[in-house]
């Protein structure tokens, strides 16, 4: 292996660590927040401990010493917390959240290979600062001791506490590194050095029996094994977690303190090539008696003979009445479990790009299977076959799409921290309720809905909720609630951000809208029409611009972002009861429900959720340079799509044309087309590089006939028409005003 | 005396193995390795040293190593100091 290969392997292993550390930190943050609602929950306490412990363990394997040193102290404190020596007070909880943030910075620093010394130094100072704060929470706070060496504080723990924490005990650890481990960036010595930091080695033996002499060795293959007896106060779980990262690169066997000789015999039997030397060592250190050893070696021999006759070693052990059946069962089951875990049971990660590639291919398959079906029209037998294929392909597509589905819960959970911190800085008492976190939607949607949701949640806290005093005066409970919920509803996902605040002040909204010229002075609007005004560009109700939600980014941006995801946003509000904002999103962006039309010879797809209605083209008129039609007594601007896109219109002007009424950002307009072809569900293909600069298009697809159809970006089309003056904003009035109440 | 690189790790072991093999083959009864500048050693480096020692024994070559403090520490941690003929650490 060249050094470049090795670097690549190490980088890959490190990258896995960085991803896992991120997940662990997120888990830590969530657990801390959950603990605020369920103080003292043992499960959560353990989860909290585990998250930081896992980071420490893996960091140790990569020799990230700054990270190990810091996480070790956090871990020590969490251990006290877990065993009930100290209580999780709100101030400790806040400090631990800061520690979690700090660990994220330390991880980030180790990721950035060439960070400058200033940054390193700043972080060191921050670490020291946090450690001092942490040490104040330790039982018998000894101040400066927090930074003492790791072995010492472990020993302290065992010495000080009589309950809850394991005393130092002697474990037997057997490690056999697999041949490929060096190539995968795993260094056996790093594991040994890390183990040594957890306790004291009573004995260590290197097993290099498999190592050939220099002339025939492969220097990059790993031949190493270790037998270690160590004294430590760590729990079995803690020790197991130390090996979590090298699972799959090393056979790990852990024998508990005080284990029966059977466990050691099993160890010997598990490692035939090392059996005799292993036996000697175990006898020498007193783990096994001579008699036991001889019995096991004889049995081992017997087992080897018998197993040729098809008998498993476990059976032999039971038949010889040496081991109770239950013990063998347990041992065998454990082996099976370990094997399943390392052989692909459970969950494994796939890069999003690979999934996208798969879905793209399946999309093409769908298209060509439709083409085949069309071509088979004259051949009944072939037609039937292609229909079967079509069904299967459809199923594959649905399966492939479901692989990209993720629960929105993780995104929601991130808001716990946001709400906690924001409520604190606003001096409001807010409780976040989360419902339907298990609701699944496409990964890319989940990623892109985070920002709009963040804005809505911030808005709810800042503008929606009253202060505790105001609430009390209004006869409401002092503590306010913000609710995040998600659910599936007829092929789409509905996400709601609700609060039990004061509701929207319609009088103020109307006044503001009038002063900004968004509404005519004499216009009378219904309540829902007034509510809809807050989504208008340039509308902001905050009287004082706060640093929380008044960043000049208004609700219009939220709406635009939701519409970019082909979603819709709606608002409901009642004075003194609260406000609820509902976002309706498609399940995936990979498929579009479209309305197929034809302009000239070109097939176009209009996203169905933006289509309001279709009407026969009426007589058009010119008004201030804008083409309009008369729709229910009101002028509505119309655009000739073919002309806007610069397509050659081959249609005779005399042909009966149609108008598709579409909606974008609250504006309505008619699109003049030649032919309506009906609804069409299709897989979106990204546009080729050549076409990417053609803005009013968002993608393309291939029809069953093999013809290419272009997917229209209605928002972009209308925005362009507006700037070019083909539609004036005054003309394309908000839809609410068009629809009779 | 054959000088070992500063980093006795997976990146260097492939080439180093060939060098060591040639050195042992040409050694007239004795070979000494200068490991005074080794400040990093991993599993691959360790097993290369172990393998060199057994090759030397097989060829009846007397192998001695002049270790750096880091190498001596690592061997002590692993209980391997007795497997090599270590010469006193050079003055730091």
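The values are calculated or read from the model by the stated rules, or taken from the named source; none is laboratory data. Keep in mind that this is a model prediction, so the values were computed, not measured. Cβ atoms come from the backbone with ideal geometry, glycine included; neighbour counts cover every protein chain shown.
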Selection from region A:173-182 of residues that are more than 8 Å from chain B (Cβ to nearest Cβ) and within 18 Å of residue B:48 (Cα to Cα): A:176, A:178, A:179, A:180
If I filter region A:197-216 down to residues being in contact (Cβ under 8 Å) with a residue 12 or more places away in the chain, in contact with a helix residue (DSSP H, G or I) (Cβ under 7 Å, 6 or more places away or on another chain) and facing chain B (nearest Cβ under 7 Å), which single residue comes out as surrounded by the fewest Cβ atoms within 10 Å (Cβ to Cβ)? A:208
I'd like to verify a number: residues in region A:250-260 that are more than 14 Å from residue A:171 (Cβ to Cβ), in contact with a strand residue (DSSP E or B) (Cβ under 7 Å, 6 or more places away or on another chain) and more than 11 Å from chain B (Cβ to nearest Cβ), how many? 1
Being touching a residue at least 12 places away in the same chain (Cβ under 8 Å) and either under 16 Å from residue A:244 (Cα atoms) or touching a strand residue (DSSP E or B) at 6+ places or on another chain (Cβ under 6 Å) (or both): is that true of residue A:60 here? yes
Can you tell me which residue is modelled with the lowest pLDDT among those in region B:17-30 that are surrounded by fewer than 21 Cβ atoms within 10 Å (Cβ to Cβ) and in contact with a strand residue (DSSP E or B) (Cβ under 8 Å, 6 or more places away or on another chain)? B:29
Condition set within 14 Å of chain B (Cβ to nearest Cβ) and surrounded by 14 or more Cβ atoms within 10 Å (Cβ to Cβ), scope region A:9-50, selection farthest from residue A:106 (Cα to Cα): answer is A:9
Every residue in region A:482-507 that is over 25 Å from the mean Cα position of the chain (by Cα) and not in a loop (DSSP other than H, G, I, E, B), please. A:499, A:506, A:507
Members of region A:230-249 that are under 23 Å from residue A:280 (Cβ atoms) and surrounded by fewer than 21 Cβ atoms within 10 Å (Cβ to Cβ): A:231
Checking residue A:193 against (1) out of contact with any strand residue (DSSP E or B) (no Cβ under 8 Å at 6 or more places or on another chain); (2) touching a residue at least 12 places away in the same chain (Cβ under 8 Å); (3) crowded, with 20+ Cβ neighbours inside 10 Å, which single condition isn't satisfied? (3)
Condition first: within 30 Å of residue A:185 (Cβ to Cβ) and out of contact with any helix residue (DSSP H, G or I) (no Cβ under 6 Å at 6 or more places or on another chain). Now tell me which residues in region A:23-61 satisfy that. A:23, A:26, A:46, A:50
Residue within region A:67-85 that is under 30 Å from residue A:220 (Cβ atoms) and either part of a helix (DSSP H, G or I) or modelled with pLDDT under 85 (or both) present: yes
When region A:264-278 is checked residue by residue, the ones that are touching a strand residue (DSSP E or B) at 6+ places or on another chain (Cβ under 8 Å) and surrounded by 20 or more Cβ atoms within 10 Å (Cβ to Cβ) are A:264, A:267, A:274, A:278
For residue A:377, all conditions in the list (1) over 29 Å from residue A:25 (Cβ atoms); (2) part of a helix (DSSP H, G or I); (3) touching a helix residue (DSSP H, G or I) at 6+ places or on another chain (Cβ under 7 Å) hold save one; what is the number of the exception? (2)
Residue A:190 fails exactly one of (1) outside any loop (DSSP other than H, G, I, E, B); (2) under 30 Å from residue A:5 (Cβ atoms); (3) more than 33 Å from the chain's Cα centre (by Cα), namely (3)
Flagged in region A:217-244 as over 15 Å from residue A:201 (Cβ atoms) and either in a strand (DSSP E or B) or more than 14 Å from chain B (Cβ to nearest Cβ) (or both), in numbering order, are A:225, A:235, A:236, A:237, A:238, A:240, A:241, A:243, A:244
Please go through (1) more than 30 Å from residue A:8 (Cα to Cα); (2) assigned to a helix (DSSP H, G or I) for residue A:108 and return the number of the only condition it doesn't satisfy. (1)
